[in-house]
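Written out below as C-alpha cells is the structure these notes cover.
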Amino acid sequence: MSPREIFITQLDRERLLELIKAADDFAPQGKQDLRGLRDLQAELERARVVAPQDVPPNVVTMNSRVTLREAGSGEEITCTLVFPEAADMAKGAVSVLAPVGTAILGYREGDTIEWTVPSGAKRFSIERILYQPEAAGDFEL
C-alpha cells in the first residue's frame, strides 16, 4: 500500500516535535521503546504542513473525534486522538503515540490504513470525523 498525502497543522507539528524531543532528552538511555516516537517522526517528516485554518475539514488532526472500522472484523471504534498525557482508553482517548493514533494522524475520512500494532498488522478505515477542532474554529486546542 503506497503512502497517501497526509496533512498536519503547524501547531500540531510544533507540539509533536516538542514531545519527541522531550522524550529523547529525558528518557534513560536504552530504557525506552522509541518505535512509536520514530513512527510519529517519520509521519511528521512526510506530512504536508498547513495553517490551522487551511486544514481540510475531513482530515484527522490532534483532538479530532473519529469513528474507525477494523477491516477484518468490521468492528467500529470511536475515539479521540490526544497527546499522551490525556490518553485514557476507558474514555476513548487514544494517544498519538499508540500505533493506531500515529496511523490516523493526518489522514482523511474514507482513507484505509494498514498499520502494525502489537498483535500484528491491522487494516482499518476512517469512517467518520465526528469533530475536528479546526473545522469547529478551535485553533488553539
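Values in this text are rule-based calculations from the coordinates and carry no lab data. Computed from a prediction, not measured in an experiment: that's the story for all the values here. Glycine gets a Cβ as well: all are built from the backbone with ideal geometry, and neighbour counts include every protein chain shown.
Worth a mention:
- Shape category assigned to region 7-131 from the gyration tensor of Cα positions, a/c cut at 1.5: oblate
- For T78, neighbours were defined as the other residues whose beta-carbon sits under 15 Å from its Cβ, and their charges (Lys and Arg +1, Asp and Glu -1) total -2.
- Relative contact order computed over the chain (Cα-Cα under 8 Å; 6+ residues apart), in percent: 28
- Given charges at Cβ of Lys, Arg, Asp, Glu: the chain dipole, positive-most of A135, G36, Q10: G36
- The charge dipole of the chain, taken about its Cα centre with unit charges on the Cβ of Lys, Arg, Asp and Glu (plus for the first two, minus for the last two), comes to roughly 300 debye.
- Furthest towards positive pole of dipole, A121, L81, V49, structure part the chain, Cβ charges: A121
- About the Cα centre, charge dipole magnitude for region 86-141 (Lys/Arg +1, Asp/Glu -1 at Cβ), debye: 280
- One decimal place: the segment E45-R4 gains 13.4 nm when fully extended, by the rule 0.36 nm per residue minus the C-alpha distance.
- Using θ = phi - 60° and Karplus 6.51 cos²θ - 1.76 cosθ + 1.60, couplings along region 62-69 (whole Hz; Gly, Pro as x): 4, 6, 6, 10, 9, 10, 10, 10
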